[in-house]
Amino acid sequence: MKKRSVFERIAAAPHLLWSAIFIVAPLLFVIYFAFTDREGSFTFENILSLSSYSHTFVMSLGFSLIATTVCFLIGYPLAYCMARMSEKTRNVLLVLLMLPMWISLLIRTYSLMALLDNGGIVSTFLTRLGFQKLTFIGTDAAVILGMIYDFLPYMVLPIYTTMTKLDRRYLEAAADLGCNNRQTLFRVIFPLSMPGVISGITMVFVPSISTFYISQKLGGGSFDLIGDTIERQFKNAVTYHTGAAISLVMMILILISLAIMNKFSDSEEDIIV
């Protein structure tokens, strides 16, 4: 292994310091509070008490899986179409896709509330057309729609980037061997774009399962997801040890998900090679 120079070590020092203060230290604090009580004594009581939040874990996992699946079903065809367009059209669509990301998540969520509120723009428009008044805020569908709206670009961009870097000779070879457009898509393009798909799934699933603001505003306070529960526990000085235990389980679930996705991605790359 090549030994790092003094300059390389100095250049890496700020990053290492930042990681130690804002990544490693908070993780250690979470682990410490998850396994201690208010007196600082070691205990498994916080972990054992999480059985009462099983419904919250299942609901959060279900919402995030649905949002990730819908983002993939929408994002993959969109990325595929963008990659096949001219460079000028591609750049315009890319700007339109990224434009909402320049706006704060808070403002985007409030915009959805203004559109979907029981007395909002969509409900008022449908009522004037003679339809029944729409009740959307406070439902599961509103929260899932908020996740899809906020995190869809994170699915499209990695897939689009991977597709634009595909070697056109693979497509030409598939056409020479008699593949039609559908066969080329599923037998050539999709396997080669798998690294982008894995990245997109990861970038949507992780924030979806840990979100809390979207569920609070679009869910109308009718239910809690894991992020909501963690926030509420840490706001209470009596229960923040339980909040730390929930956070620890959440981190473990996310790390397991990332490991599975990375393993799947590596397997796909080995098959392609």
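The values are calculated or read from the model by the stated rules, or taken from the named source; none is laboratory data. Please read these numbers as outputs of a predicted model, since none were measured by experiment. Cβ sites come from the backbone with ideal geometry, for glycine too, and all protein chains shown count toward neighbours.
Do we find a residue being of a type outside the set (A, V, I, L, M) and closer than 26 Å to Pro195 by Cα anywhere in region 125-143?
No, region 125-143 has no match at all.
Inspect all residues belonging to region 137-160 and state whether any of them is under 17 Å from the mean Cα position of the chain (by Cα) and among the acidic types (Asp, Glu).
Yes.
When residues of region 154-174 are filtered for being of a type outside the set (Phe, Trp, Tyr) and buried (at least 22 other Cβ atoms within 10 Å of the Cβ), how many remain? Quick ask: steps written out before the conclusion?
To start, the set of residues in region 154-174 that are of a type outside the set (Phe, Trp, Tyr) comprises 155-159, 161-169, 171-174.
Then drop every residue that is not buried (at least 22 other Cβ atoms within 10 Å of the Cβ), which leaves 155-156, 158-159.
Qualifying residue count for the region: 4.
Just give me the residues in region 95-150 being closer than 23 Å to Asp228 by Cα, among the aromatic types (Phe, Trp, Tyr) and assigned to a helix (DSSP H, G or I), in sequence order.
Matches in region 95-150: Tyr110, Tyr149.
Would you confirm, using the coordinates I've provided, whether Leu192 is in contact with a Leu (Cβ under 6 Å, 6 or more places away or on another chain) and either crowded, with 19+ Cβ neighbours inside 10 Å or in contact (Cβ under 8 Å) with a residue 60 or more places away in the chain (or both)?
Considered against the rule, which asks whether it is in contact with a Leu (Cβ under 6 Å, 6 or more places away or on another chain) and either crowded, with 19+ Cβ neighbours inside 10 Å or in contact (Cβ under 8 Å) with a residue 60 or more places away in the chain (or both), Leu192 comes out as yes.
Return yes or no: is Ile10 among the aliphatic types (A, V, I, L, M), exposed (fewer than 11 other Cβ atoms within 10 Å of the Cβ), closer than 27 Å to Ser247 by Cα and at pLDDT below 90?
no
Might you let me know whether region 104-116 holds any residue that is more than 20 Å from the chain's Cα centre (by Cα), modelled with pLDDT under 90, over 21 Å from Ser210 (Cα atoms) and surrounded by 20 or more Cβ atoms within 10 Å (Cβ to Cβ)?
Yes, some residue in region 104-116 is more than 20 Å from the chain's Cα centre (by Cα), modelled with pLDDT under 90, over 21 Å from Ser210 (Cα atoms) and surrounded by 20 or more Cβ atoms within 10 Å (Cβ to Cβ).
Say whether the condition of being within 21 Å of Asp140 (Cα to Cα) and at pLDDT below 90 is met by at least one residue in region 80-91.
No, region 80-91 has no match at all.
Of the residues Gly227, Gly200, which single one is modelled with pLDDT of 90 or more and under 21 Å from Leu253 (Cα atoms)?
Sole residue among the options that is modelled with pLDDT of 90 or more and under 21 Å from Leu253 (Cα atoms): Gly200.
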